[in-house]
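What follows is one structure encoded as structure tokens, with my remarks underneath.
The values are calculated or read from the model by the stated rules, or taken from the named source; none is laboratory data. Keep in mind the model is a prediction, meaning the values are calculated, not measured. Note that we place each Cβ from the backbone using ideal geometry, even for glycine, and neighbour counts take in every protein chain shown.
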Amino acid sequence: MNTLRRIGLSALFIVTILFALAQQKPPATPASPATQQDTTKNINLIRSNVLRFEQKDSTELQVLVGDVILQQDKTLFYGDSIVMDKTRNVIEVFGNIHINDSDSVNVYSQYLIYYGNTKIANLKKSVKLTDGKATLTTDELEYDLNSKTGTYVNGGKIVNGSSILTSKEGYYYADTKDAYFKKNVKMVDPNYTMATDTLLYNTETQVATFVAPTTINDGKSIIRTSDGSYDMNRGLANFGSRPTIEDSTQFITADSIAFDKNTGEGFAKGNFVYRDTTQGITVLAERSFFNRDAKTFLATEKPLMIIKQDQDSLFLTADTLYSGIRLDTTYVQDSLSLTQTTKADIKGNIPDAVKMDIHKPLPDKLQDNIAGRPGMGARPGAKRPPAGKKPADNNPQLPTDIKKDIPLPPDTSKSIAILANPIKDSSFAVPEAISDSTNIDSLARAIALNKAAADSILKRDAVRKQDSIKAMAARKIDRVDSVRFFVAYHHVKMFEDSMQAVCDSMFFSGKDSIFRLYNDPIVWSKESQISGDTIHLYTKNKKPERVEVWENAFSISKSNDEFYNQLKGNTINGFFNEGEIEHIRAKGSAESLYYLQDDDSAYTGANYAKADLINLYFAKKELDKISWINDVEGGFYPVNQVPEDRQRFRNFKWQEARRPKTRAELYQ
């Protein structure tokens with residue numbers, strides 16, 4: 001009995017323990033990631049006038065009609081009607097669609113299919129995206145709500161303030177306000193237009209970044225670049241990869257250009273090129289400051305100016321080269337307009353000695369002096385000096401027959417050559433009697449005849465005096481032209497095949513085509529060197545026409561290593577004809593020294609003379625005639641009897657070492 005009782009108690013205890021264990025809950029098992037639900041992807045219904053359910057195959061659809069509003073996280077979807085597939089988390093929206101993405105981006109269209117799991121929206125028909133800074137419109141747009149990026153591939157337009165940008169393809173990043181455009185990109189603004197194949201643009205900063213060939217037209221010029229950026233708001237640009245700026249009159253390029261559209265100022269660095277297309281002038285340099293609007297520039301670091309000519313271009317270098325524009329006013333001529341210097345005025349300036357009849361007999365005293373010069377045949381009736389008596393070396397008598405006994409140099413390189421102005425009028429031709437003056441003592445005749453002749457040049461006014469007040473009152477403006485000028489500073493060098501020059505500073509104007517050379521200027525032409533305090537080199541049709549040398553004018557031509565032909569005066573004027581010397585005039589305390597050669601090119605002597613005015617005439621590149629006017633003195637020296645003080649005039653400097661002989665030497 002006791003045994004049964006003990007067995008029953010044991011069984012009851014075991015049952016109790018098992019029951020207690022059965023009541024305990026097993027420990028919770030963590031849910032796998034696959035079974036967790038991302039509530040931010042849930043699309044919830046906020047409002048709809050009508051809600052109904054439709055079965056399509058095995059899929060249950062919710063159909064929402066009338067003022068429908070859905071929400072996913074912070075994004076609201078509006079539409080006239082929406083079909084929602086809860087299984088796939090996809091909605092299809094029709095009519096008056098509006099997506100409000102976090103109150104920062106708003107997208108509108110007439111059709112939308114939205115994938116809630118990936119947050120990708122495909123919109124069609126009258127699509128518009130706006131973020132408060134810019135508005136994008138297109139027919140088809142893919143909008144990624146994750147990155148807030150809009151993409152179109154069939155043409156689109158962005159309006160940013162007054163700027164309108166269109167392209168075939170585009171990507172817009174609403175967070176950063178960056179846009180990336182490709183294919184047929186065009187930007188139109190009231191101040192400019194832009195065309196390119198690829199463009200980066202920020203709608204907030206209004207900065208365009210160029211990564212492909214781009215053309216910008218701002219109404220004043222056309223800018224071409226393939227690298228750099230342009231701040232449309234501030235008008236500041238930085239261009240790289242050889243940009244160009246071009247308008248109807250000028251062309252600018254360099255390795256890189258920084259430019260301010262508001263002021264027109266810019267800085268070009270690396271292989272700067274400026275071209276004046278109207279005047280055919282090109283400037284090269286390593287660096288340049290310029291103003292596009294004022295059409296000025298300051299070129300530094302090895303600037304080189306090239307003036308294009310028909311056959312030979314002129315090259316000019318300096319430490320610094322500046323160019324600008326000045327306005328030139330042309331007035332309508334009237335009866336009070338000032339009389340200009342004409343050919344008739346110039347004709348009157350021909351030296352009287354040249355015009356006089358050389359066949360008139362010379363004064364007896366002068367004939368006696370000429371006849372008495374040793375080494376020359378005596379004229380009939382002339383008395384010879386006593387045997388063994390020699391004239392003083394320092395006061396030789398004058399030649400009687402230059403051509404016969406001492407021919408002029410046949411080679412123009414053996415005679416002086418100075419820049420000249422062509423004079424084609426027949427009145428400038430020397431009379432036939434004069435053309436043979438080398439057969440007689442022309443220098444002696446000049447001395448005799450000019451003692452009684454007035455210097456017509458000194459008495460003539462080239463411009464008649466008028467009542468300037470009345471003249472100005474009657475003048476009317478015909479037109480105002482823009483004329484370009486150039487100023488070169490320090491170590492100026494010029495080179496062309498027929499002429500070279502150096503000076504410390506230079507001024508050139510397109511109005512008169514005159515090169516004004518200052519501070520120790522020198523001009524070389526073939527074997528000749530011209531120097532003075534100031535030199536004006538006149539050009540016409542980009543060819544040398546005339547040269548004027550002011551104060552301490554000095555011309556030297558090298559005859560050989562020992563002999564130098566020389567001409568000096570207070571001023572020297574030279575005239576060109578088709579690039580060749582035609583006429584040279586030295587005025588004011590003028591001196592000339594020319595070495596003469598015979599038919600075998602042997603040197604026979606030197607002809608020295610002083611006068612108030614000396615004229616040299618050239619024919620067929622050779623010295624043809626010389627005339628001396630007023631206060632003439634001098635004579636002929638045998639070649640070995642030229643006084644030392646007359647072999648080299650005062651201030652004689654043969655400066656061939658300074659002469660640029662090639663284009664390459666311009667930089668030496």
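For the stretch 157-171, the set of residues classified as charged (D, E, K, R) and either crowded, with 18+ Cβ neighbours inside 10 Å or part of a strand (DSSP E or B) (or both) consists of K157, E169, listed by residue number.
Of all the residues that make up the stretch 620-668, how many are β-branched (V, I, T), more than 29 Å from S498 (Cβ to Cβ) and assigned to a strand (DSSP E or B)?
So the first thing to find is which residues in the stretch 620-668 are β-branched (V, I, T), and the list is 626, 629, 632, 639, 642, 662.
Next, only the ones that are more than 29 Å from S498 (Cβ to Cβ) stay: 629, 632, 639, 642.
Narrowing the set further to residues that are assigned to a strand (DSSP E or B) leaves 629.
So the answer is 1.
Among the conditions (1) at pLDDT 95 or above; (2) touching a Pro at 6+ places or on another chain (Cβ under 7 Å); (3) polar (S, T, N, Q), the only one that S162 does not satisfy is (1). The residues of the stretch 629-640 that are at negative phi and at pLDDT 90 or above, listed by number, are I629, V632, E633, F636, Y637, P638. Number of residues in the stretch 41-62 that are loosely packed, with under 15 Cβ neighbours inside 10 Å and in contact with a Lys or Arg (Cβ under 9 Å, 6 or more places away or on another chain): the value is 3. Contact map, the stretch 635-659: first residue closer than 25 Å to F495 by Cβ, second residue of a type outside the set (V, I, T) and outside any loop (DSSP other than H, G, I, E, B), Cβ cut-off under 6 Å, separation 6 or more or different chains; pairs are R659/Q500; R659/W524.
Can you list the strands (runs of 3 or more DSSP E) lying wholly within the stretch 181-290 that have 1 or more residues being over 15 Å from the mean Cα position of the chain (by Cα)?
On the way: elements: 192-202, 207-210, 214-217, 222-225, 227-231, 236-240, 244-246, 250-253, 256-260, 265-276.
Of the strands (runs of 3 or more DSSP E) lying wholly inside the stretch 181-290, those with at least 1 residues that are over 15 Å from the mean Cα position of the chain (by Cα) span 192-202, 207-210, 214-217, 222-225, 227-231, 236-240, 256-260.
Residues in the stretch 580-606 that are in a loop (DSSP other than H, G, I, E, B) and in contact with a strand residue (DSSP E or B) (Cβ under 6 Å, 6 or more places away or on another chain): D598 alone.
Within the stretch 89-156, considering only strands (runs of 3 or more DSSP E) that don't extend past its boundaries, which have at least 2 residues that are surrounded by fewer than 17 Cβ atoms within 10 Å (Cβ to Cβ), without any contact (Cβ under 8 Å) to a residue 24 or more places away in the chain and not β-branched (V, I, T)? I'd like the intermediate steps shown before the answer.
Numbers: elements: 90-101, 105-115, 120-130, 135-144, 149-152.
Counting at least 2 such residues, we get 90-101, 120-130, 135-144.
Going through the stretch 219-238 one residue at a time, which ones are small (G, A, S) and over 17 Å from P190 (Cα atoms)? S226, G228, S229, A237 - these are the residues of the stretch 219-238 that are small (G, A, S) and over 17 Å from P190 (Cα atoms).
More than 12 Å from the chain's Cα centre (by Cα) and farther than 30 Å from S163 by Cβ: is that true of D312 in this structure?
Working: more than 12 Å from the chain's Cα centre (by Cα): yes; farther than 30 Å from S163 by Cβ: yes.
Yes; evaluated as a whole, the condition is true for this residue.
Matching residues to (1) surrounded by fewer than 16 Cβ atoms within 10 Å (Cβ to Cβ); (2) under 38 Å from the mean Cα position of the chain (by Cα); (3) in contact (Cβ under 8 Å) with a residue 40 or more places away in the chain:
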{"position": "I572", "(1), (2), (3)": "no, yes, yes"}
{"position": "S589", "(1), (2), (3)": "yes, no, no"}
{"position": "D598", "(1), (2), (3)": "yes, no, yes"}
{"position": "G605", "(1), (2), (3)": "no, no, yes"}
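Among the residues of the stretch 297-319, not a single one is in contact with a Ser or Thr (Cβ under 8 Å, 6 or more places away or on another chain), surrounded by 15 or more Cβ atoms within 10 Å (Cβ to Cβ) and farther than 26 Å from E665 by Cβ. Taken over the stretch 219-228, the residue count meeting the criterion of being surrounded by fewer than 17 Cβ atoms within 10 Å (Cβ to Cβ) and touching a residue at least 40 places away in the same chain (Cβ under 8 Å) is 1. Scanning the stretch 172-191 for residues that are closer than 22 Å to N122 by Cα and either touching a His at 6+ places or on another chain (Cβ under 6 Å) or acidic (D, E) (or both), we see that the one that is surrounded by the fewest Cβ atoms within 10 Å (Cβ to Cβ) is D175. Count of the stretch 291-309 residues, restricted to those that are more than 30 Å from E578 (Cβ to Cβ) and over 12 Å from the mean Cα position of the chain (by Cα), is 5. Please work out if A268 is at pLDDT 95 or above and buried (at least 19 other Cβ atoms within 10 Å of the Cβ). Spelling it out, A268 is indeed at pLDDT 95 or above and buried (at least 19 other Cβ atoms within 10 Å of the Cβ).
Would you be able to say whether some residue in the stretch 615-622 is touching a Leu at 6+ places or on another chain (Cβ under 8 Å) and surrounded by fewer than 18 Cβ atoms within 10 Å (Cβ to Cβ)? Give the steps one after another, and end with the answer.
Pass one, the stretch 615-622, residues touching a Leu at 6+ places or on another chain (Cβ under 8 Å): 616-617, 622.
Those still in the list that are surrounded by fewer than 18 Cβ atoms within 10 Å (Cβ to Cβ) too: 622.
Scanning the stretch 615-622 turns up at least one residue that is touching a Leu at 6+ places or on another chain (Cβ under 8 Å) and surrounded by fewer than 18 Cβ atoms within 10 Å (Cβ to Cβ).
Can you name the residue in the stretch 194-208 that is buried (at least 16 other Cβ atoms within 10 Å of the Cβ) and among the β-branched types (V, I, T) and, of all such residues, is nearest to N154 (Cα to Cα)? Filtering first and then ranking leaves T198.
Yes or no, residue by residue, for (1) farther than 20 Å from A285 by Cβ; (2) among the polar types (S, T, N, Q):
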{"residue": "T205", "(1), (2)": "yes, yes"}
{"residue": "T209", "(1), (2)": "yes, yes"}
{"residue": "T214", "(1), (2)": "yes, yes"}
{"residue": "S226", "(1), (2)": "yes, yes"}
{"residue": "Y230", "(1), (2)": "yes, no"}
{"residue": "N233", "(1), (2)": "yes, yes"}
{"residue": "F251", "(1), (2)": "no, no"}
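When the residues of the stretch 229-265 are narrowed to those that are surrounded by 23 or more Cβ atoms within 10 Å (Cβ to Cβ) and among the β-branched types (V, I, T), which ends up nearest to L200 (Cα to Cα)? The qualifying residue nearest to L200 (Cα to Cα) is I257.
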